[in-house]
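Quick note: the coordinates plus some simple rules give every number you see, no bench work behind them. Computed from a predicted structure; not experimentally measured. A quick note on method: Cβ atoms are made from the backbone with ideal geometry, for glycine too, and the neighbour counts reach across all protein chains shown.
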Amino acid sequence: MLTLVPEAIEKYAAEQTTALPAHMRRVVADTYANMKDPEMLSGVIEGTLLQFLIWASGARRVLEIGTFTGFSAQMMAAALPPDGKVITCELDPKTAEVARKNIAKGPHAGKIEVKVGPALQTIATLKPHFDLVFIDADKEGYPDYYEAALGLVSPKGIIAVDNVLWSGNVLKPKDKISRAIAAFNSRVSRDPRVVHVMLTVRDGVMLIRRRDA
Ligand SMILES: C[S@@+](CC[C@H](N)C(=O)[O-])C[C@H]1O[C@@H](n2cnc3c(N)ncnc32)[C@H](O)[C@@H]1O
């Protein structure tokens, strides 16, 4: 379990969060049974937080960078209106296939499009605006995803970035990924174009919006 708080507290918080529907519980169980690095799946607390952002902002179009098994894509789709859309980007064709199968078994398949390939290539084909951009792919790509997201997000839109605390390793970054995330966080903090807040939810979630909105 990826958590910055003691595991017992994370477990309690998850239990005190709206329960996942059966099809989402199956996605979690199958991911933990069959996938490498299953803890990449964001989980009920972060997924429900994303749903609140969508609900409160009235978002209709969502871009996700990093699909994995389709958990967060389905969580976000569930909070969208019937004509809402999630475009989700996955590099690995086999993982994308797993996500597509999971999504097809759920009730929101019509709202979700999985695009396979390097996210930057996919993003280059997309037109503004997205009301929420969720960045959750390779950490060294974050600066590029951030710049792309700033160009695509609607004036009142939100960019949410996952794993910004990287299990706390950003405090004394020793490896390549920790250094990349710490550098990304500093870059956002120095960026006069945005207002942002770092939440200590799960592995750290940064919420960002344009200052000029
Ligand atoms: C942390 S997981 C995403 C978890 C998912 N958002 C969830 O909460 O269930 C990151 C995913 O990003 C994918 N990925 C890595 N590099 C990528 C890239 N350059 N373009 C698109 N996807 C990428 C990985 O294959 C992996 O499936």
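Every residue, every condition in (1) over 23 Å from Phe71 (Cα atoms); (2) crowded, with 22+ Cβ neighbours inside 10 Å, yes or no:
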residue	(1), (2)
Phe130	no, yes
Asp138	no, no
Asn163	no, yes
Ser167	no, no
Lys176	yes, no
Ala183	yes, no
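Only one of the numbered conditions (1) more than 19 Å from Leu50 (Cβ to Cβ); (2) in contact (Cβ under 8 Å) with a residue 60 or more places away in the chain is violated by Asp144, and that is (2).
Residues considered: Lys94, Lys139. Of these, the only one that is within 12 Å of the ligand (Cβ to nearest atom), among the basic types (Lys, Arg) and under 22 Å from Ser186 (Cβ atoms) is Lys139.
When residues in region 65-116 are screened for being surrounded by 18 or more Cβ atoms within 10 Å (Cβ to Cβ), part of a loop (DSSP other than H, G, I, E, B) and not hydroxyl-bearing (Ser, Thr, Tyr), 8 of them pass. Checked against the criterion of being touching a Leu at 6+ places or on another chain (Cβ under 7 Å) and of a type in the set (D, E, K, R), the candidates Arg60, Arg100, Arg26 yield just one match: Arg60. One residue alone among Leu132, Leu120 is touching a residue at least 24 places away in the same chain (Cβ under 8 Å) and not in a strand (DSSP E or B), and that residue is Leu120. Within region 50-64, restricting attention to residues that are outside any helix (DSSP H, G or I) and more than 9 Å from the ligand (Cβ to nearest atom), the residue that is surrounded by the fewest Cβ atoms within 10 Å (Cβ to Cβ) is Gly58. Among the residues of region 203-213, write down those that are buried (at least 16 other Cβ atoms within 10 Å of the Cβ) and part of a loop (DSSP other than H, G, I, E, B). Within region 203-213, Asp203, Gly204 meet the criteria.
Filtered by the rule that a residue be assigned to a loop (DSSP other than H, G, I, E, B), over 13 Å from Ala73 (Cβ atoms) and not aliphatic (A, V, I, L, M), region 23-49 gives Lys36, Asp37, Gly43. Of all residue pairs spaced 6 or more apart or on separate chains, those with beta-carbon atoms under 7 Å, a first member in region 179-203 that is closer than 13 Å to Gly168 by Cα and a second member that is of a type outside the set (A, V, I, L, M) and assigned to a strand (DSSP E or B) are Asp203/Asp162.
Being in a loop (DSSP other than H, G, I, E, B) and either closer than 21 Å to Ser72 by Cβ or among the aromatic types (Phe, Trp, Tyr) (or both) is the filter here, so list the residues in region 150-202 that pass it.
If the condition is that a residue be in a loop (DSSP other than H, G, I, E, B) and either closer than 21 Å to Ser72 by Cβ or among the aromatic types (Phe, Trp, Tyr) (or both), then Asn163, Val164, Leu165, Thr200, Val201, Arg202 are the ones that fit.
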